[in-house]
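To start, the structure under review is shown below, and the notes come after it.
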Amino acid sequence: MAETALPLARKAADVLAARGVENARLEAELLLAWVLGIGRLQLYLQHDRPVSEAELERFRAAVRRRLRREPVQYIVGTAHFRQLELRVDRRVLIPRPETEELVGAVLDWARRAAGAGERRLVALDIGTGSGAIALSLAREGPFRRVVATDVSPAALELARENAAALGLDEAVELRTGSLWDAVSPGERFDVIVSNPPYVAEADRATLAPEVVEWEPAGALFGGPDGYEAIEPLVRGAPSHLAPGGLLALEVGAEQATRVVERIHETGAYEGARVMRDLAGRERIVLAVARGPVEG
């Protein structure tokens with residue numbers, strides 16, 4: 001007798017849970033839904049759907065990959081981020097909920113700065129990876145142009161694929177370069193946003209296998225103390241922010257205080273504000289450059 005959908009997912013969940021995989025039931029259902037080409041909730045509506053031998057083999061292969069701690073998003077090849085479905089693979093980090101909150105904070109500020117549709121802003125996303133931040137700003141915000149940079153040509157290739165798939169390739173300009181290398185002297189933006197590498201090398205052993213063994217190290221680790229990219233971002237942003245423009249950074253859970261101190265030390269910002277993520281951790285730092293936003 002052929003296997004049926006929901007019992008098969010439950011058996012796989014038991015296997016995953018026994019090997020220490022968190023959210024095993026959810027992930028087993030996501031993998032089976034992907035194999036069957038249906039939405040996860042459809043598994044419950046089609047709980048007694050027979051699974052063909054070819055589908056069963058594909059599902060077993062997907063579960064084996066997950067048992068090797070490969071992230072589900074890499075297995076299925078996509079990740080959801082705000083209003084977007086993005087292609088993801090080992091070239092880029094998997095977008096996180098904290099980054100969605102960073103984008104939300106930028107959009108709130110940008111809508112106030114733009115007023116009643118009278119201004120169209122220009123944004124810079126440094127370290128764009130899959131393009132999640134830049135593409136979300138272009139899709140949702142009052143931006144006439146978004147520039148997205150990354151030191152990795154491979155990451156930019158994937159960001160370009162995502163932009164084209166979403167019909168946003170003309171709204172987002174992609175550039176290769178590390179930190180400020182991709183920006184011309186004197187080039188200014190209303191918003192500079194970044195989710196930089198901020199994990200300290202000393203914390204490598206604390207990361208889950210799904211992260212440290214699969215995601216790109218260059219997008220994760222920010223030097224011995226985690227500030228190797230953050231501090232140059234803070235120092236360099238005033239030269240590229242329009243007066244009254246916004247710097248928005250995602251930082252590690254223990255880094256916000258030091259980042260705010262560095263912002264104050266520059267003397268170039270009106271002040272800094274720290275936002276907590278949904279887990280109550282200080283993960284987003286916002287600072288506004290001195291002077292009014294230019295009209």
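The values are calculated or read from the model by the stated rules, or taken from the named source; none is laboratory data. Values in this document were obtained by computation on a predicted structure and should not be read as measured data. Every residue, glycine among them, receives a Cβ derived from its backbone with ideal geometry; neighbour counts consider all protein chains shown.
The table that follows gives values for the structure above.
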quantity: Among (1) assigned by TED's automatic domain parsing to the domain that holds THR206; (2) modelled with pLDDT under 95 - the single one LEU233 does not satisfy; calculated: (2)
quantity: Where a residue in segment 272-290 is within 15 Å of GLY252 (Cβ to Cβ) and its partner, wherever it lies, is assigned to a loop (DSSP other than H, G, I, E, B), with Cβ under 7 Å and at least six apart; calculated: ARG281/ALA253; GLU282/ALA253; ARG283/VAL251; ARG283/ALA253; ARG283/ASP277; VAL285/VAL251
quantity: Residue ID - surrounded by the fewest Cβ atoms within 10 Å (Cβ to Cβ), chosen from residues in segment 122-141 that are among the aliphatic types (A, V, I, L, M) and more than 16 Å from GLN83 (Cβ to Cβ); calculated: VAL122
quantity: Which numbered condition ALA79 fails, given (1) assigned to a strand (DSSP E or B); (2) under 17 Å from ALA171 (Cα atoms); (3) at pLDDT 95 or above; calculated: (2)
quantity: Complete set of residues in segment 88-121 that are surrounded by fewer than 18 Cβ atoms within 10 Å (Cβ to Cβ) and assigned to a strand (DSSP E or B); calculated: none
quantity: Total residues in segment 122-172, condition among the polar types (S, T, N, Q) and assigned to a strand (DSSP E or B); calculated: 1
quantity: VAL51 farther than 21 Å from ALA208 by Cβ, in contact with a Ser or Thr (Cβ under 9 Å, 6 or more places away or on another chain) and either surrounded by 14 or more Cβ atoms within 10 Å (Cβ to Cβ) or not β-branched (Val, Ile, Thr) (or both); calculated: yes
